[in-house]
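This report concerns only the one structure given below.
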Ligand code: ATP
Ligand code: MG
């Protein structure tokens, strides 16, 4: 390095450089999206090693996802031009697992402990609640699971749970059950996700000599996305940072989007109190987005109160305005985005520079089908593709058994889902008989129920009831539409109810997915046609070239960037979500707005915001209002392409937001601009539908009836 600066510093602006070089003491880089926070962190990591300040294992770097960890590893390797073995880069969870394996015995585990998933966790809790004679209907185990998770996010061990909170479950049994659960986990040599962090904290607090060892080792600590840390993670960082006090956190209060999972934006706001003498660096130049996109995003987030506030600028030029499009309905939204993407492709844009970012998981379905129709490769990140999701497969399994009673795989999947007291032993008997006679499980089930010594009484009753249900559903199919049937089946089987009772954070999303499934079925003439369509969709899903469109939720998109970003579904009730509007008040709304900000600021070159005037929810058409966030995008940075005569709404904002009316009913009176164009759009739509059906649908319709499930089975 003699005779000048190392190359990795050259491209940085002065505050970025300052942050990279300020290696001693606490440092907070507090800056808006795209200002190079992650880049600073990476360069800093490289600098520490290149400058000989630290060996790879002296550095602890926490990222938000495993993917981000891998990326950081690659980038650091590039900065210093050498491999980075021995570095501690990973998510909070992955780092805690690594630490916990070394000291497991201190919390009563062995180092080969297993990590339970949510299903196991709930099964275990259910055993415990039934020992206490707790009515599972009134106090579902899932609710307890969510509660325990919340406590663990706050690093509350059973004896530290405040009395008031323990009252929240089964008349004060919460803490007792929590303790029993922890004991059971120990016996099983297992822990759940929340334990990983909490056990490590416990060890650090109880064994100072161990903590000291880590102090000696981790001379430098770095944390990305600090605004989304929860209380436990924060405590953990404080404990570790006490050693050398070299902690560098980067984050953006405007991008705090995990409050609903216990993240505390307060952590970042309090940084200088928690780490006295902290240096704070602010970055203001945005290197990611062009002018219009940045300005639109900044102006959107300005509607939030209680933010630190930042100025951002770019010298990347104005670029294109944010394109705001009103479309007739969700299928048209998918068609329009598909068309745009094809146009980008023609212009030579790689697909991996294109992202569709949705608010809720159920929204991906419409796009996935459109992309399959158009033959555009895509990947869904942060979750399985729509038809591969557990709840969708479960619901499909019911429908498959109705369509074809010999579909054993499907029957097995749901025979005891929701739980109806059909245990392993009973099912094995059914299986044995089916094998012996060479008949499907449903038929064997019938036979065995008729036998004197077949099953225990309770099992026999509930299996008979299930088989009767299937017979009845099959009969109904003759007289009702297949979409109605689906609703009936989900309802009568108790499947929907199972998720309604579920208090885990994923449950509402699963319910939305089920509704979306019913809506999707409406596009097909009958059940056979739909099931065949699914098998085609599933078949299409194995194509592994790197250049693909990315489809994911806004939450999963944090920290990423793409040249082209599509933001569909900006409608009241979708985004902001109905749940937020109903339950979380202003605080929730502000979190939704931050999510919108995260979405827009993912775009480098071009951003599209879409809203549909009509959306099918649970098979019912509903009119929807454009999101208030659409309204908050300033005119001078947007280009409203009111496709087919739909214009952006123009509200009198003085009286506050009025969501009591739907504009389809009173378009003229409200002065929304949905005048004659509205009618034209309707006519245009009607003229289009006949010829514009997706290709897959035609194929499915043609062969409806002889539906095969081969692909769906394969995927299982
Ligand atoms: P987010 O808040 O979304 O996580 P961020 O602040 O972490 O954003 P980065 O992802 O680090 O921002 O950087 C955004 C983009 O700007 C990246 O493509 C990065 O390579 C680029 N960039 C950052 N700093 C510079 C710089 N000094 N010169 C050129 N490009 C830069
Ligand atoms: Mg970042």
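What FRET efficiency would be calculated for the residue pair residue 163, residue 114, taking the C-beta separation as r and a Förster radius of 41 Å, to the nearest 0.05?
Details: r = 32 Å, r/R0 = 0.79.
Once rounded, the FRET efficiency stands at 0.80.
Once the cut-off is 35 Å, how many percent of the Cα-Cα pairs in the chain end up in the long-distance tail? Provide the component values of the computation, followed by the final result.
Working: 134264 of 255970 pairs.
Result for the distance tail: 52 percent.
Taking every Cα-Cα distance in segment 380-482 and sorting them into 5 Å bins from zero, the calculated P(r) comes out as 2, 12, 22, 22, 18, 11, 7, 4, 1, 0, 0 percent.
Based on the Cβ-Cβ distance of residue 347 and residue 641, what FRET efficiency does E = 1/(1 + (r/R0)^6) give at R0 = 30 Å, to the nearest 0.05? Don't jump to the answer; show the numbers that get you there.
Working: r = 18 Å, r/R0 = 0.59.
Efficiency for this residue pair is about 0.95.
With bins 5 Å wide beginning at 0, the percent of Cα pairs of segment 315-436 falling in each bin runs 2, 8, 14, 15, 14, 11, 9, 8, 7, 5, 4, 3, 1, 1, 0, 0. Computed from the alpha carbon atoms alone, the convex hull of segment 184-284 holds 115 Å³ per residue.
Model label points for residue 474 and residue 244, set 7 angstrom from Cα along the Cα-to-Cβ axis, are 7.0 nm apart. Extending 7 Å from Cα along the Cβ direction at residue 437 and again at residue 303 yields two label points whose distance is 6.4 nm. Rounded to whole Å, the principal axis extents of the Cα atoms in segment 243-360 read 55, 34, 30, largest first.
Each listed q (0.15, 0.20, 0.32 Å⁻¹) maps to a log10 I(q)/I(0) for segment 1-52 from the Debye sum over equal C-alpha point scatterers, namely -0.39, -0.69, -1.50. Each residue, residue 464 and residue 419, gets one label point 7 Å from its Cα in the Cβ direction; the gap between the two is 2.4 nm. Taken over segment 223-271, the alpha-carbon convex hull comes to 60 cubic angstrom per residue. For segment 414-528, the alpha-carbon coordinates run over 44, 36, 20 Å along the three principal axes, in decreasing order.
Its alpha carbons give segment 265-314 an Rg and a Dmax of 13.6, 39 Å. Altogether, the Stokes-Einstein calculation at 20 °C and 1.002 mPa s, with the Kirkwood radius of segment 142-232 over Cα pairs as Rh, returns a diffusion coefficient of 146 µm²/s. Most simply put, the chain has about 10% antiparallel DSSP beta bridges, counting only bridges with both residues inside it. The spread of Cα positions in segment 399-451, taken along each principal axis and listed from longest to shortest, comes to 26, 23, 17 Å.
Bear in mind that the values in this text are calculations on the coordinates, not laboratory data. For clarity, every value in this text was computed on a predicted model and none was experimentally measured. Glycine also receives a Cβ, built like all others from the backbone with ideal geometry; neighbour counts cover every protein chain displayed.
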